1. Which one of these does K75 not meet: (1) over 21 Å from V162 (Cβ atoms); (2) of a type in the set (D, E, K, R); (3) over 24 Å from the mean Cα position of the chain (by Cα)?
2. Could you list, in sequence order, the residues of region 81-138 that are of a type in the set (S, T, Y), within 24 Å of the chain's Cα centre (by Cα) and open to solvent by 10 Å² or more (accessible area, probe 1.4 Å)?
3. Kindly indicate whether I193 is open to solvent by 70 Å² or more (accessible area, probe 1.4 Å) and in contact with a helix residue (DSSP H, G or I) (Cβ under 7 Å, 6 or more places away or on another chain).
4. Step by step: first the residues of region 194-220, then only those that are touching a Pro at 6+ places or on another chain (Cβ under 8 Å) and not hydrophobic (A, V, I, L, M, F, W, C), then the one that is farthest from I42 (Cα to Cα). Which residue is that?
5. Mind checking which residues of region 7-34 are touching a residue at least 60 places away in the same chain (Cβ under 8 Å) and not hydrophobic (A, V, I, L, M, F, W, C)?
6. If you take the residues in region 196-212 that are more than 14 Å from the chain's Cα centre (by Cα) and either within 21 Å of A81 (Cβ to Cβ) or of a type in the set (A, V, I, L, M, F, W, C) (or both), which one is surrounded by the most Cβ atoms within 10 Å (Cβ to Cβ)?
7. Please determine whether any residue of region 226-235 is hydroxyl-bearing (S, T, Y), crowded, with 22+ Cβ neighbours inside 10 Å and within 17 Å of the chain's Cα centre (by Cα).
8. Identify all residues within region 147-189 that are open to solvent by less than 20 Å² (accessible area, probe 1.4 Å) and of a type in the set (V, I, T); write none if there are none.
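The values are calculated or read from the model by the stated rules, or taken from the named source; none is laboratory data. Remember, predicted model here, so these are calculated numbers, not experimental data. Here Cβ is always computed from backbone atoms with ideal geometry, including for glycine, and neighbour counts include all displayed protein chains. Side chains included, ligands, DNA and RNA excluded: accessible areas come from the protein's heavy atoms. Shrake-Rupley method; radii C 1.70, N 1.55, O 1.52, S 1.80 Å.
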Amino acid sequence: MMLIRYLSQIGKYFIMLKEVFNKPTRWSVMKQLILKEVDDLIIDSLGIVAFISFFVGGVVSIQTALNLTNPLIPKYLIGFATRQSIVLEFAPTFISIIMAGKMGSFITSSIGTMRVTEQIDALEVMGVNALNYLVFPKMIALLLYPFVIGLSMFLGVFGGYVAGVYGGFTTSTQFVTGLQTEFIPFHIAYAFIKTVMFAIILATIPSFHGFYMKGGALEVGKASTVSFVWTSVVIILSNYILTQLLLS
């Protein structure tokens, strides 16, 4: 019974994705909606992403330095480990999970509130495709999400540099040597391919939970929690699949 419910929800989700692209809203209206979503989802997230990335980069650098107790192990490995951790996993995946909490709950609660207050019904009565009007601008706005992750990568590595060099764990030259050691450009491409996938997940799964929720104000809170859980689960699963496909 549980399996059938999950399968019907997955089917409903893909039907929603198809509906998003039907009967598009006028461009003059859509342009304003996209700019508002860029402000709400991308610009408002930069502060928290910058703060977390800088300090986690510092922590990764310090933890690596403190675990290199053998004097035969070169200090440039601090820079190498920081780069690998931040670029491959921390920036694309863990920032996306944090964003599932920040962006995802915002999207679910805003669309869910519109559902509860019958604004979505009003849009449909006026002949507007509510899914296109509400979800499509979020998908377009989140095409800028790789920019957020690029910033996270830079600040994570910079935070590692500051903590490593000014904490006295390594020298500037050694850290930079570590950053350049065995650098594989495809790792950056891999990180951004994952990021685009996560951006689509972040825009659509919370929207799905908000759009199809039933009930009152209390259910909006429940829908936000459920949307965060499922967005995180799908991000982790797709991360595993993409890593297997792209790196193995």
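1. (1)
2. Residues satisfying the conditions are S85, S105, S109, S110, T113, Y133.
3. Against the criterion (open to solvent by 70 Å² or more (accessible area, probe 1.4 Å) and in contact with a helix residue (DSSP H, G or I) (Cβ under 7 Å, 6 or more places away or on another chain)), I193 qualifies.
4. K194
5. K12, Y13, E19, N22, K23, P24, T25
6. Looking at the filtered set, the residue picked out is F208.
7. yes
8. V148, I149, T170
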